[in-house]
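Novice: Below is one structure. I have some questions about it.
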Amino acid sequence: VEDRRRVPTIRLDEALDGTRPDFVTMDIQGAEALAIAGGRRSLSEALIIETEVEFVEQYRGQPMFGDIDCALRALGFVLHQFTGYATRAMRPVVIGDDPTTGVNQWLWADAVYMVDPARWDALSPRRLRGLAALMHDAYESWDIAYAALLRADRDDGDKSAPTYLAD
């Protein structure tokens with residue numbers, strides 16, 4: 001440690017000030033649980049949350065995947081997928097002169113959570129279509145996109161789901 005400084009911070013709910021985000025991404029070096037705790041109101045309104053999760057402690061005392069998973073499930077989300085992961089070889093092993101090359105031990109990953117389908121009845125057709133667009137474009141999760149469009153069509157009488165399926 002070369003220097004320590006105090007910096008003013010505010011909770012995520014204060015920063016968003018009533019804004020309802022559709023998509024949230026977090027990679028804040030082990031502070032994800034603090035952000036979730038300080039943003040419960042705002043985050044519970046999101047459709048998708050993508051966050052880094054740790055399987056092996058990288059920062060002293062940081063929350064692990066299970067902690068983040070429980071916190072997001074308590075807000076009404078379900079794990080959708082991991083989009084990537086990182087490995088490293090355990091010291092003293094170095095593979096090909098590259099200390100960042102790993103073998104099988106996952107250290108961290110990016111985890112994608114989506115609003116639990118059990119909560120979809122509370123979403124407007126516009127938000128369901130937003131969820132469908134995000135799942136299609138960002139994650140190629142066409143089954144979820146189609147299911148969200150079906151629910152939106154049921155609620156407003158539109159016919160976007162059959163069109164989506166035909167394309």
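Novice: Any residue that is open to solvent by 70 Å² or more (accessible area, probe 1.4 Å), of a type in the set (Ser, Thr, Tyr) and over 17 Å from Asp22 (Cβ atoms) - is there at least one of those in region 148-163?
Specialist: The answer is yes; a qualifying residue exists.
Novice: Keeping to region 106-122, report how many residues are open to solvent by 20 Å² or more (accessible area, probe 1.4 Å) and closer than 15 Å to Ala152 by Cβ.
Specialist: Adding up the residues that qualify gives 4.
Novice: Would a scan of region 86-102 turn up a residue that is in contact with a strand residue (DSSP E or B) (Cβ under 6 Å, 6 or more places away or on another chain) and touching a residue at least 24 places away in the same chain (Cβ under 8 Å)?
Specialist: no
Novice: What pairs come up if the first residue lies in region 122-141 and is in contact (Cβ under 8 Å) with a residue 60 or more places away in the chain, the second is outside any helix (DSSP H, G or I) and hydroxyl-bearing (Ser, Thr, Tyr), and their beta carbons are under 8 Å apart, counting only those six or more places apart or on different chains?
Specialist: Filtered contacts from region 122-141: Met135/Ser141.
Novice: Is it the case, given these coordinates, that Ala86 is aliphatic (A, V, I, L, M), more than 30 Å from Arg129 (Cα to Cα) and surrounded by 15 or more Cβ atoms within 10 Å (Cβ to Cβ)? Write out each step before concluding.
Specialist: Values: aliphatic (A, V, I, L, M): yes; more than 30 Å from Arg129 (Cα to Cα): yes; surrounded by 15 or more Cβ atoms within 10 Å (Cβ to Cβ): yes.
For Ala86, the condition - aliphatic (A, V, I, L, M), more than 30 Å from Arg129 (Cα to Cα) and surrounded by 15 or more Cβ atoms within 10 Å (Cβ to Cβ) - is met.
Novice: Applying the selection to region 123-147, what residues are of a type in the set (Lys, Arg) and open to solvent by 80 Å² or more (accessible area, probe 1.4 Å)?
Specialist: Across region 123-147, the qualifying residue is only Arg126.
Novice: If you scan region 15-30, which residues turn out to be in a loop (DSSP other than H, G, I, E, B) and more than 14 Å from the chain's Cα centre (by Cα)?
Specialist: Asp17, Gly18, Thr19, Arg20, Gln29, Gly30
Yes/no matrix, rows are residues, columns are (1) part of a strand (DSSP E or B); (2) under 21 Å from Leu107 (Cα atoms); (3) out of contact with any strand residue (DSSP E or B) (no Cβ under 8 Å at 6 or more places or on another chain):
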position: Asp13; (1), (2), (3): no, no, yes
position: Leu34; (1), (2), (3): no, yes, yes
position: Arg41; (1), (2), (3): no, no, yes
position: Asp67; (1), (2), (3): no, yes, yes
position: Ala71; (1), (2), (3): no, yes, yes
position: Gly84; (1), (2), (3): yes, yes, no
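Novice: Now, a different point. Output the number of the condition that Glu52 fails; it satisfies all remaining conditions of (1) under 12 Å from Ala111 (Cβ atoms); (2) acidic (Asp, Glu); (3) without any contact (Cβ under 8 Å) to a residue 24 or more places away in the chain.
Specialist: The number of the failed condition is (3).
The values are calculated or read from the model by the stated rules, or taken from the named source; none is laboratory data. Here the structure is a predicted model, which means the values were calculated and not measured. Cβ coordinates were reconstructed from backbone atoms using ideal geometry, including for glycine residues, and neighbour counts include every protein chain displayed. Quick note on the areas: whole protein, heavy atoms, side chains included, nothing else; ligands and nucleic acids left out. Shrake-Rupley method; radii C 1.70, N 1.55, O 1.52, S 1.80 Å.
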